[in-house]
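Written below as structure tokens is the structure these notes are about.
Please treat every number below as a calculation from the coordinates, not as lab data. Not measured: the values here are computed from a predicted model. With ideal geometry, Cβ positions are generated from the backbone for all residues, glycine too; neighbour counts draw on all protein chains shown.
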Amino acid sequence: MISRILLTAGVLSLSASALAAQSLNDGLYVQGFLGYSQLQDSIFKGSVNGVSQSVDTDFDSGFGLGAAIGKEIPQWSNETVGTRIELELSYRDNDVDGVNFSGNGPAGESNVSGDITQTSLFANVLFDFKREGDWTPYAGFGLGATYSDIDINYGPGVSLDDSDTNFAAQVIAGVAYDISATTAFTVDARYARAFDVSSQRLAPNGASTGSVEDDLDTFSINFGLRYNF
């Protein structure tokens with residue numbers, strides 16, 4: 001985990017250095033976006049009361065929003081492909097829809113409530129596929145860190161109640177439409193994963209009964225505006 005955090009810090013530092021190395025008015029842009037977010041079903045596994053157990057969870061669709069600052073890197077671009085780097089801060093929220101605890105048999109749990117929220121900082125590398133006209137497809141990837149706040153309640157007052165910060169990665173594919181010379185409307189799909197997210201499992205009296213973990217995968221569709229300086 002320490003090596004992953006160091007890798008993330010290094011990527012963010014390199015991206016920030018690249019941004020600072022060029023004129024601020026040369027290809028700099030800001031972007032805001034919001035949209036649909038779906039946290040994928042998760043099976044939190046671990047030791048509960050000294051026995052290997054799982055907490056199978058599924059989630060309702062939710063929302064996400066974010067902002068980014070970035071710029072095109074001329075040295076990494078040509079007439080057909082433009083390369084951009086950016087720093088992205090995003091937030092997503094998904095309510096829990098169902099829980100199945102392996103220690104209570106195959107039936108779903110009752111009194112299910114709560115949500116998982118995720119705040120992420122990504123360093124993204126994006127590639128614009130240049131073409132004639134106002135539409136520009138793009139794709140890319142990002143590395144960073146995600147803070148996950150877990151608040152899942154079920155049964156007679158049992159809960160997964162914890163927070164964790166973990167290495168994360170995402171892939172991005174979308175298209176931009178030029179509204180004007182400086183402003184573009186964007187639509188993209190993103191698939192993000194936060195690795196090895198863990199949570200304490202608490203009994204109704206608040207005592208810890210063990211710890212469980214899983215990767216958290218999120219699919220999102222986002223609509224945004226990008227303004228170029």
Report task. Can you find, among F167, G210, T80, the residue farthest towards the positive end of the dipole of segment 2-228? Put +1 on the C-beta of Lys and Arg, -1 on that of Asp and Glu. Result -> T80
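Which of rounded, prolate or oblate describes segment 115-229 when judged by the alpha-carbon gyration tensor and an a/c cut-off of 1.5? Spell out each step's value before the answer.
On the way: a/c = 3.88, a/b = 3.01, b/c = 1.29.
In terms of gyration-tensor shape, prolate.
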Query - GluC sites (Glu not before Pro) within segment 85-143: DSSP coil, no more than 10 neighbouring Cβ in 10 Å - result: E132
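If you take every residue apart from E88 with its C-beta less than 14 Å away from the C-beta of E88, what net charge results, scoring Lys and Arg +1 and Asp and Glu -1?
Values: positive: K71, R84, R92, R190, R226; negative: E86, D188.
So the surrounding residues net to +3.
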Requested in this report: Step through the residues of segment 117-122 one at a time and calculate ³J(HN,Hα) from phi using the Karplus curve (6.51 cos²θ - 1.76 cosθ + 1.60, θ = phi - 60°), rounding each to whole Hz and writing x for Gly and Pro.
Outcome: 10, 9, 10, 10, 10, 10
Query - Structure-derived Cα extents along the principal axes in Å - corresponding label in (i) 52, 40, 29; (ii) 96, 48, 46; (iii) 60, 33, 23 - result: (iii)
Requested in this report: Compute the acute angle (0 to 90°) between the alpha-carbon long axis of helix 2-20 and the principal axis of greatest extent of the alpha-carbon atoms of the chain; round to the nearest 10°.
Outcome: 20 degrees
Report task. Positive end of the charge dipole of segment 2-228 (Lys, Arg +1 and Asp, Glu -1 on Cβ, about the Cα centre): tell me which of S47, G157, F219 has its Cα farthest that way. Result -> F219
Query raised in the report: In whole Å, how far is the Cα centre of segment 151-229 from that of segment 63-85?
Result: 22 Å
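Which whole-number percent gives the relative contact order of segment 2-228, counting Cα pairs below 8 Å spaced six or more residues apart? Display every interim value, and only then the final one.
Numbers: 647 pairs, mean separation 48.2, N = 227.
After rounding, I find 21 percent.
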Report task. With only Lys, Arg, Asp and Glu charged, each at its Cβ (+1 for the first two, -1 for the last two), find how big the charge dipole of the chain is about the Cα centre; round to the nearest 20 debye. Result -> 620 debye
